[in-house]
Each structure stands twice: as C-alpha cells, then as structure tokens.
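Visitor: Can you read through this structure? Questions will come right after.
Read-outs: derived from the displayed coordinates by stated rules, not from any lab. Everything numeric here is computed off the predicted structure, so don't read it as measured data. Using ideal geometry, Cβ is built from the backbone for each residue, glycine included, and neighbour counts are taken over all protein chains shown.
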Amino acid sequence: MMVSPIWRIEPKNGVFDMYQLHVPKMHCGGCAGRVTRAVAGVDPSALVKADLATREISVETKAELSEIREALDRIGYPAAG
C-alpha cells in the first residue's frame, strides 16, 4: 500500500513531507524512543510525534517514505500497511 504525504511543508531550507504510520510493535516510551532515533538516523532534522494509544507516528521529514520504512524495519518495528 502506498502512503502519500498528509501534507507538504515548505520551510526556508527545503520541503518537508508529513507521513502518518501505524507501528504495531510500539507500545511504550522506550519503543517510541527507538523509533524516533531510527527516523533521526535517516533525517536528523525530522520531527517525530508518537501516539502510544494508537501506536501511530507522525513524521515531518525531508526523507523518502521508503527510507523511513527501511529504518523502522531494521530495528524490528515495521510500519503496517
């Protein structure tokens, strides 16, 4: 399933895309921290917001969605869908 950006943000230093991903294995603050660090490894300027109740993350990033998904897969927290 292809996920398109929820919206596009145009700051002074480039264009950011916003993605919302369901991460079923993310169930605690430690998990959210690992997921956030994985995204930051792809794009250090990314903004990640985790919602543990829904197990979803919102990612504002310059990186491609495929790069974010691969980073999550590598740490054992694949995004569903």
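Visitor: Hey, with R₀ at 30 Å, roughly what FRET efficiency would LYS49 and LYS25 work out to, going by the Cβ-Cβ distance, to 0.05?
Guide: On the way: r = 18 Å, r/R0 = 0.58.
Once the sixth-power term is evaluated, E becomes 0.95.
Visitor: Where a ≥ b ≥ c are the square roots of the eigenvalues of the C-alpha gyration tensor, would you call the stretch 22-67 rounded, which needs a/c under 1.5, or, failing that, prolate if a/b is larger than b/c, or oblate?
Guide: Working: a/c = 2.09, a/b = 1.73, b/c = 1.21.
In terms of gyration-tensor shape, prolate.
Visitor: While we're looking at this one, here's another question. Between beta-carbons, use under 13 Å as the cut-off and find the net charge around ILE57, counting Lys and Arg +1, Asp and Glu -1. Numbers along the way, then the final one.
Guide: Details: positive: LYS25, ARG34, ARG37, LYS49, ARG55, ARG69; negative: ASP51, GLU56, GLU60.
In short, +3.
Visitor: Still on this structure, I have one more. May I ask you to evaluate 6.51 cos²θ - 1.76 cosθ + 1.60, the Karplus curve with θ = phi - 60°, for each residue of the stretch 22-29 and list the ³J(HN,Hα) values in order in whole Hz, giving x for glycine and proline?
Guide: 8, 10, x, 7, 7, 10, 8, x
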